[in-house]
1. Being touching a residue at least 24 places away in the same chain (Cβ under 8 Å), open to solvent by less than 30 Å² (accessible area, probe 1.4 Å), within 16 Å of the ligand (Cβ to nearest atom) and assigned to a loop (DSSP other than H, G, I, E, B) is true for just one of P94, P104. Which residue is that?
2. Restricting to the range 200-213, what's the tally of residues that are surrounded by fewer than 17 Cβ atoms within 10 Å (Cβ to Cβ) and assigned to a loop (DSSP other than H, G, I, E, B)?
3. Could you tell me which residue of the range 133-155 is nearest to the ligand (Cβ to nearest atom), considering only residues that are in contact with a Phe, Trp or Tyr (Cβ under 6 Å, 6 or more places away or on another chain) and not in a helix (DSSP H, G or I)?
4. Only one residue in A27, A50, A61, A20 is outside any helix (DSSP H, G or I), open to solvent by less than 10 Å² (accessible area, probe 1.4 Å) and not β-branched (V, I, T). Which one?
5. Answer yes or no: is there a residue in the range 113-131 that is open to solvent by 30 Å² or more (accessible area, probe 1.4 Å), out of contact with any Phe, Trp or Tyr (no Cβ under 8 Å at 6 or more places or on another chain) and within 14 Å of the ligand (Cβ to nearest atom).
6. Any residue at all in the range 65-85 that is crowded, with 23+ Cβ neighbours inside 10 Å, farther than 30 Å from L283 by Cα and in contact (Cβ under 8 Å) with a residue 24 or more places away in the chain?
7. If V298 satisfies all but one of (1) without any contact (Cβ under 8 Å) to a residue 60 or more places away in the chain; (2) touching a strand residue (DSSP E or B) at 6+ places or on another chain (Cβ under 7 Å), what's the number of the condition it fails?
8. Among the residues of the range 309-332, write down those that are more than 16 Å from the ligand (Cβ to nearest atom), part of a helix (DSSP H, G or I) and buried (at least 22 other Cβ atoms within 10 Å of the Cβ).
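The values are calculated or read from the model by the stated rules, or taken from the named source; none is laboratory data. Owing to the predicted nature of the structure, the values given are computational and were not obtained by experimental measurement. Glycine also receives a Cβ, built like all others from the backbone with ideal geometry; neighbour counts cover every protein chain displayed. Heads up: the accessible areas ignore ligands, DNA and RNA and are worked out on the full protein's heavy atoms, side chains in. Shrake-Rupley method; radii C 1.70, N 1.55, O 1.52, S 1.80 Å.
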Amino acid sequence: MIPIIKPAVFDEEAQAAAEAVRSGWLAQGPRVAAFEAELAGAVEAPEGVALSSCTTALHLALAAHGIGPGDEVIVPSLSFIATTNAVAHCGATPVFADVEDAVPNLSAATVAPHIGARTRAVIVAHQVGFPADLGPLQALCDAHGLLLLEDAACAIGSTYQGRRIGAVAAGHPGGALVAWSFHPRKVLTTGEGGALTLADAALAARLRTLRQHAMSVNDQQRHAVAGLLLPSYPEVGWNYRMTDVQAAIGRVQLGRLDAIVARRRELAARYGVALAGLEGVTLPVDPPWGTTNHQSYVIRVAGGATRRDAVLDALLRGGIGARPGIMAAHLEPAWSALPRCPLPATEAWAAESIALPLFHTMQDAEHALVVASVAAALAATTPDRRRPS
Ligand SMILES: *Cc1c(COP(=O)(O)O)cnc(C)c1O
């Protein structure tokens with residue numbers, strides 16, 4: 001079986017993890033502090049806060065802004081379900097907005113109709129690595145006094161207007177509050193793990209407090225003083241910490257970011273050439289405003305979910321670990337009862353998308369087998385061929 005992804009982790013990561021274990025400091029400690037500073041540097045943000053996952057990062061970001069019951073947060077349904085769940089975790093109500101047809105992301109045009117008196121925030125996902133068009137979204141949120149929270153779980157190393165997703169710079173939109181994932185299905189991994197990067201140092205300090213039970217004293221401070229240092233707990237916090245073992249792996253992974261993204265883009269470009277011209281197939285390309293890291297290589301197959309599922313089934317039977325491309329939360333039982341507007345573009349993406357295997361150590365023969373299998377599966381499921389002659 002050719003897998004959808006193999007994490008690009010090697011001996012150096014194993015050694016770093018072992019070294020963290022041997023140091024005796026396993027939970028959040030000096031490696032977490034180093035990792036979050038290096039992450040911030042890698043995405044050109046002033047502050048980084050390491051957390052246990054992207055889901056907890058999204059939740060903590062909303063909670064730190066006091067978003068709760070009675071508030072609405074506009075989200076894409078077309079995302080991994082955690083984007084929507086994070087809103088529920090703080091007691092607020094998600095409001096689904098549609099994505100664009102050409103890019104699987106929210107835009108200012110799809111978000112604007114959903115802004116109302118209760119709206120507090122917009123979560124924009126840079127889906128499967130495609131940068132969202134942040135400029136108009138930031139302007140829309142600024143005009144309405146809304147928080148723009150970026151779900152960049154998939155987008156480390158993607159760029160918007162010449163700078164990395166997460167970059168904070170004068171006159172450059174986005175980057176104010178960005179959530180990352182280091183699950184093995186993403187571009188960089190720490191096993192499980194997440195982070196927020198941001199511009200605001202005071203908010204970063206507050207997030208670091210909230211991630212460890214809102215404790216007034218952190219572990220490193222307690223270790224640094226000779227005598228008694230009693231903590232207090234002025235409010236309710238969470239345990240959303242990353243461990244030093246994870247951070248040790250993450251520091252090595254950060255050093256591979258450029259190479260991994262370059263390799264993914266090279267493999268994707270080769271898919272683009274090899275799969276060009278297949279009828280009814282739309283291939284992923286960079287949007288006019290930026291570049292994708294191809295966290296997933298997602299193609300669209302015309303003909304609805306029935307045909308897509310037939311193609312996927314044929315690929316899987318042939319040993320190709322392809323996956324449905326992008327899910328839609330509103331089609332899942334957990335969220336199907338939520339009142340919403342029609343989401344035609346979301347449903348088309350959810351029905352027609354397929355993610356093909358793409359990983360750092362992919363061999364030429366594996367790449368060629370995926371290409372041949374996709375062509376064969378498409379030919380076998382052409383609507384014309386299935387009609388009785
Ligand atoms: C994977 C993913 C998440 C969840 O990340 P975890 O680190 O597993 O919590 C959230 N949003 C998007 C868009 C994702 O792809």
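1. P104
2. The qualifying residues number 2.
3. Top of the filtered list is A152.
4. None of the other options fit; the residue is A50.
5. For the range 113-131, residues open to solvent by 30 Å² or more (accessible area, probe 1.4 Å), out of contact with any Phe, Trp or Tyr (no Cβ under 8 Å at 6 or more places or on another chain) and within 14 Å of the ligand (Cβ to nearest atom): absent.
6. yes
7. That leaves (1) as the condition not met.
8. Of everything in the range 309-332, those that are more than 16 Å from the ligand (Cβ to nearest atom), part of a helix (DSSP H, G or I) and buried (at least 22 other Cβ atoms within 10 Å of the Cβ) turn out to be V311, L315.
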